Structure formats: C-alpha cells, structure tokens
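Novice: One structure, as structure tokens, below. Some questions next.
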Amino acid sequence: MPSTIWTGTISFVMVSIPVEIVSATNPGKVSYHLLHKEDNSPIQTRMFCPQDKKFVHPEHIVNGYPVDENKYVIIKEDEFKAIEPQRSQTIEINSFIDLKEIDPLYFEKSYYILPGKGGAKAYQLLLEVLKDTQKAGLAKFVLRNREYLVVVRPYENILGLMVLHFQEEIRDPKEILPAKTKPQPQIVKSIIRTIEKFKTEYKPEKYEDEYLEKIKNFLKKKAKEQGTVTVEQQVEEESVETQGEDLVAALEESLAKAKSK
C-alpha cells in the first residue's frame, strides 16, 4: 500500500467527501548511495564557500534570486513563509470539463484518490457521476507549499487526480520551430498507407522498462556472487570551523608540493 501524501476533503455541488491521496506510479528507477571507495563510508554533501574557503552551516545560507549578471535579491526564510500559500484542507471542484480538451502536454503527474473514513458512499457517487457524464472536475489545491491545478477523473473503478502544468510552464513551440517545408503529396500518401499497416491498439501491459529489469537482475546476481560490504558507522561531524581549517591546510600543503616540483 503506497503511503498517503495528502488527506482532506473533495467538495462538489454541496457534497463533501473525506479522501486520501496516494501516488499512482512507482519511481521506476534504481537508487544508489555514494560511498568512499577506501572505507565504504557514506559520502556527505556540504556547502562550501570558495571565497572564505570553508564549509558553511545551513543557518548561514540564504536564497538569492538572480536579477542580472552577478546581481541577486536576497530572500530570507521568513519572507518566503509570509507569501507561501497555506496547505489546502479541501479540493473544491468548481467546474467540469471534457478530459479530451486537455492536451497531454499539460499532464504532469498522476495520483489515486481513496475514500476516507465515512466517505465511501459520497465517493462512489462522484465516481459514478463522472463516469456517466464523461467529465472531469477541475480544481486547485495546495500541497507542500505549492499550488497545483488538478483534474479529478474516473479511472476504471477508482478516482484519479491528475496534476496539470500551468500555461506559463509550457514553452511556446513557435520559439523553436524548424523551418517549414512542403513534402511531396505522393510521399505523404505512401507514408500514410505504411502507418495504416502498422496501426495497433495501445496496451500498456505489453511494454516494460527493459533496461530497468536488466539493472535489477545484474544487481541481484552481483550481490549473490560478490557479496556485500558493510557501511561503517558514521563518525560525529566536525565543526564547521575545523572543517574549514582542515581544508585550508590541505590547500596550503598542495601548493607547497606544487612549488617544490
């Protein structure tokens, strides 16, 4: 069972439905951790200031929005919080559309909507209404400090939620269109006949990520034949000041060696 990423209610036409939202997809990838080749310790990512030549603690880092070359507007964390949208408790469907009106280019991510406690009957009502009318509900809601445009639609015997790109997120194809040419009519007709011969019905179960399967099988075989390594317990982090001093010392040593050559 996938973990719940949002709980709240869906409202439409004076009806409120308690729901949960879970991801409809798996990542479909193999994750790796970076380890030190010498002792198999996990590699840590730290912020480094090249001007001061030292590592910087997160509390001393701010966000800079670029407005020109080498020019930034500094934004503090409390300023972000003052303008960020508040988490939605309700997905309010305020209009209904034909899903075919939305170009697939606008689809970003898909989720499943599950009925919450006491919401089974109202959930089934919305599912049947959307099936019968062949419509999808259009709404906005906020998740993780970001506002999303979504459609609620029936998918088999469950409600699906599809996140859409906003218009400003879509690049205008006119900016990158190649030079237009006119193909010869007889060639067009020939290609159309060829396409008709290869026309088929799309069945997603026929297709799989062959590379991912090869990677998984390779890793299983390697773990069985070669065994695994033990990741040592991480030592307590040094202070930022000590890290900086060590780095400067290493740089000075490197420079000294270079001069002696």
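Novice: Report yes if some residue within the range 95-102 is among the polar types (S, T, N, Q) and either under 30 Å from LEU114 (Cβ atoms) or surrounded by fewer than 10 Cβ atoms within 10 Å (Cβ to Cβ) (or both); otherwise report no.
Specialist: Scanning the range 95-102 turns up at least one residue that is among the polar types (S, T, N, Q) and either under 30 Å from LEU114 (Cβ atoms) or surrounded by fewer than 10 Cβ atoms within 10 Å (Cβ to Cβ) (or both).
Novice: Further question on the same structure: Tell me, which residue of the range 90-108 that is more than 22 Å from the chain's Cα centre (by Cα) and in a loop (DSSP other than H, G, I, E, B) is nearest to PRO18 (Cα to Cα)?
Specialist: If we take residues in the range 90-108 being more than 22 Å from the chain's Cα centre (by Cα) and in a loop (DSSP other than H, G, I, E, B), then ILE93 is nearest to PRO18 (Cα to Cα).
Novice: State all residues of the range 1-44 that are surrounded by 12 or more Cβ atoms within 10 Å (Cβ to Cβ) and within 21 Å of the chain's Cα centre (by Cα); if no residue qualifies, say none.
Specialist: PRO2, THR4, ILE5, TRP6, THR7, GLU20, ILE21, VAL22, SER23, ALA24
Novice: May I pose another question? Is the range 43-54 home to any residue that is part of a strand (DSSP E or B) and either in contact with a strand residue (DSSP E or B) (Cβ under 7 Å, 6 or more places away or on another chain) or closer than 29 Å to PRO2 by Cα (or both)?
Specialist: Yes: one or more hits.
Novice: List every residue pair whose Cβ atoms sit under 7 Å apart, with the two residues 6 or more apart in sequence or on different chains, where the first one lies in the range 57-77 and is assigned to a loop (DSSP other than H, G, I, E, B) and the second, anywhere, is at pLDDT below 90 and not aliphatic (A, V, I, L, M).
Specialist: VAL62/LYS76
Novice: Turning to a different aspect of this structure: How about the range 1-43: which of its residues are of a type in the set (Ser, Thr, Tyr) and over 29 Å from LEU219 (Cα atoms)?
Specialist: THR4, THR7, THR9, SER11, SER16
Novice: Of all the residues that make up the range 45-76, how many are closer than 24 Å to TYR148 by Cα and surrounded by 11 or more Cβ atoms within 10 Å (Cβ to Cβ)?
Specialist: Residues meeting the conditions: 2.
Novice: Another question about this same structure. Just wondering, is there one or more residues in the range 156-170 that are loosely packed, with under 13 Cβ neighbours inside 10 Å and under 14 Å from ILE21 (Cα atoms)?
Specialist: No, the conditions are met nowhere in the range 156-170.
Novice: Another question about this same structure. Looking only at the range 113-163, filter to residues that are in contact with a Pro (Cβ under 6 Å, 6 or more places away or on another chain) and assigned to a strand (DSSP E or B); which one of those is farthest from VAL15 (Cα to Cα)?
Specialist: Looking at residues that are in contact with a Pro (Cβ under 6 Å, 6 or more places away or on another chain) and assigned to a strand (DSSP E or B), I get GLU147.
Novice: Related question: Give all pairs with beta carbons closer than 8 Å in which a residue from the range 116-136 that is on the phi < 0 side of the Ramachandran plot and at pLDDT 95 or above meets a residue that is buried (at least 18 other Cβ atoms within 10 Å of the Cβ) and assigned to a helix (DSSP H, G or I); count only pairs at least 6 apart in sequence or on separate chains.
Specialist: Between residues of the range 116-136 that are on the phi < 0 side of the Ramachandran plot and at pLDDT 95 or above and residues that are buried (at least 18 other Cβ atoms within 10 Å of the Cβ) and assigned to a helix (DSSP H, G or I), the close pairs are ALA136/LEU130.
Rundown of residues vs (1) more than 21 Å from PRO154 (Cβ to Cβ); (2) touching a His at 6+ places or on another chain (Cβ under 8 Å); (3) among the hydrophobic types (A, V, I, L, M, F, W, C), yes/no style:
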{"residue": "ASN70", "(1), (2), (3)": "yes, no, no"}
{"residue": "ARG87", "(1), (2), (3)": "yes, no, no"}
{"residue": "GLU92", "(1), (2), (3)": "no, no, no"}
{"residue": "PHE96", "(1), (2), (3)": "no, no, yes"}
{"residue": "ILE102", "(1), (2), (3)": "no, no, yes"}
{"residue": "GLY116", "(1), (2), (3)": "no, no, no"}
{"residue": "TYR123", "(1), (2), (3)": "no, no, no"}
{"residue": "ASP132", "(1), (2), (3)": "no, no, no"}
{"residue": "ALA136", "(1), (2), (3)": "no, no, yes"}
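Novice: Can you list residue pairs whose Cβ atoms sit under 9 Å apart, with the first residue in the range 175-193 being on the phi < 0 side of the Ramachandran plot and touching a residue at least 12 places away in the same chain (Cβ under 8 Å) and the second being small (Gly, Ala, Ser) and surrounded by 10 or more Cβ atoms within 10 Å (Cβ to Cβ)? Count only pairs 6 or more apart in sequence or on different chains.
Specialist: none
Novice: When you scan the range 44-66, do you find a residue that is of a type outside the set (Gly, Ala, Ser), modelled with pLDDT under 90 and under 30 Å from ALA223 (Cα atoms), even just one?
Specialist: So far as the range 44-66 goes, yes, one or more of its residues are of a type outside the set (Gly, Ala, Ser), modelled with pLDDT under 90 and under 30 Å from ALA223 (Cα atoms).
Novice: Shifting gears a bit: Restricting attention to the range 193-215, and to residues there that are of a type outside the set (D, E, K, R) and either in contact with a strand residue (DSSP E or B) (Cβ under 7 Å, 6 or more places away or on another chain) or assigned to a loop (DSSP other than H, G, I, E, B) (or both), which single residue is farthest from LYS29 (Cα to Cα)?
Specialist: PHE198
The values are calculated or read from the model by the stated rules, or taken from the named source; none is laboratory data. For clarity, every value in this text was computed on a predicted model and none was experimentally measured. Methodologically, a virtual Cβ is constructed for each residue, glycine included, from the backbone with ideal geometry; neighbour enumeration extends over all protein chains shown.
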